[in-house]
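Step one of this worksheet: look at the structure below.
Every read-out reported here was derived from the displayed coordinates using simple, explicitly stated rules and does not represent laboratory data. Nothing here was measured: the structure is a model prediction, and the numbers come from that model. We place every Cβ from the backbone using ideal geometry, glycine too, and count neighbours over all the protein chains shown.
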């Protein structure tokens, strides 16, 4: 293959989307009396480039390329190793100037930034290049999703549901949790989804652990699978449960209760509501269902988007929701859990990770919501 050959990444970049984001950044710089913002995290690189991938290792917050935005220019700064791929597959058509520095010079990024702006009046999302770490206010720029991002999210949600649900449908008693996790990962990667969280548990491990990392434990009567998958920087989270044979009355009763908690949280997720308000709605519903205090045994989720959870809901979190933000609630009662990713709209929440799975109609006041049930095999 020629070294000049390029691969279609399947990502269509809208120049207007990127331009709108740059305008947000420049407005923030002006209000903050700063001259430049260096975006080095994988999340922020994806956001500012409309879905570009800067990672080599997914286990590091920083990517292998950074974007420096000033009041009138935008640069991509990357070691020479990464330049070709970043130019060909991640920033092509964006109009950003790409500058490289030698991989073997650890001061390369710092030197490049110093040549392009006044470091004393620049900040960095990760405190890279010797810059002051930016205040948390910068992250707010990425939390309201533009139309193109919402479209990418909808497709991601459908694909993530298809990957997880098809793997769960193909599971069989006697296979191990690791077997199922491997199938989930393979079906995610086929769809260009990085399975950042891939949880599988069977029987007693479901009750024992809220975050069950898969093991060689064999699948028995009941199985829980959960996924947070990332594509184009966006995160989709969902959980599904399977029973091999008719579930007993206690399991079904608990699952119906957690469906109602989940529905109460989604119904409370309206523009203007605080995360604290939504958590209170969940706590009240746990009480109504006969499981007081159960919310304290596991976080209940929160705002999502360019992080698995951008902001968690806590009893003191006053962050107020806005239209066109994404949420992932994950209420749990010992032995059961319910989770999907939703998009907030003035007309009600849109479930992004709805797939081909049995659901139940749940009424919360005048609101009717369908929540995933237990698949009986």
Query raised in the report: If you line up the Cα atoms of the chain on their principal axes, what length do they span on each, largest first, in Å?
Result: 68, 50, 31
Query raised in the report: How far is helix 275-288 tilted, in degrees, relative to the longest principal axis of the Cα atoms in the chain, given as a value from 0 to 90 rounded to the nearest 10?
Result: 10
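Go ahead and run the numbers for FRET between residue 252 and residue 141, Cβ-Cβ distance against an R0 of 56 Å, rounding to 0.05.
Working: r = 44 Å, r/R0 = 0.79.
Computed FRET efficiency for residue 252 and residue 141 comes out at 0.80.
Which FRET efficiency value, to the nearest 0.05, is calculated for residue 57 and residue 178 with the Förster distance at 30 angstrom and r the Cβ-Cβ distance?
Numbers: r = 22 Å, r/R0 = 0.73.
Efficiency computed from Cβ-Cβ geometry: 0.85.
Using a ≥ b ≥ c from the Cα gyration tensor of the stretch 150-284 (square roots of the eigenvalues), is it rounded, prolate or oblate, where a/c under 1.5 gives rounded and otherwise the larger of a/b and b/c decides, a/b for prolate? The partial results should precede the final answer.
Values: a/c = 2.18, a/b = 1.16, b/c = 1.89.
Since a/c reaches 1.5 but b/c is at least a/b, the shape of the stretch 150-284 is classed as oblate.
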Query - Relative contact order, percent, the chain [alpha-carbon distance under 8 Å, six or more residues apart] - result: 14
**Report entry** Rounded to 10°, Cα long-axis angle of helix 249-268 versus longest principal axis of the chain
**Finding:** 40
Requested in this report: Hey, could you get me the Stokes-Einstein D for the stretch 15-141, Kirkwood radius over alpha-carbon pairs, 4 °C and 1.567 mPa s, rounded to whole µm² s⁻¹?
Outcome: 90
Requested in this report: Return the ratio Rg/(2.2 N^0.38 Å) for the stretch 269-348, where Rg is computed over Cα atoms only.
Outcome: 1.05
Query - Mean Cβ count within 10 Å, highest first, over the residues of peptides 255-263, 99-107 - result: 255-263, 99-107
Query raised in the report: Arranged by the count of other C-beta atoms within 10 angstrom, fewest first, what order do 73, 277 take?
Result: 73, 277
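Suppose only helical runs count, i.e. DSSP H with n ≥ 4. What mean residue ellipticity at 222 nm does that imply for the chain under -39500 (n - 2.57) per run, divided by all residues and rounded to the nearest 500 deg cm²/dmol?
Working: 8 runs with 110 residues, N = 377.
Counting only the DSSP helices, I get -9500 deg cm²/dmol.
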Query raised in the report: Roughly how tilted is helix 177-190, in degrees to the nearest 10 and between 0 and 90, from the longest Cα axis of the chain?
Result: 50
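Ranked highest first by the average count of other Cβ atoms within 10 Å around their residues, in what order do 124-131, 308-315, 329-336 fall? Before the final figure, lay out the partial values.
Working: 124-131: 19.2, 308-315: 17.8, 329-336: 22.8.
Result, highest mean first: 329-336, 124-131, 308-315.
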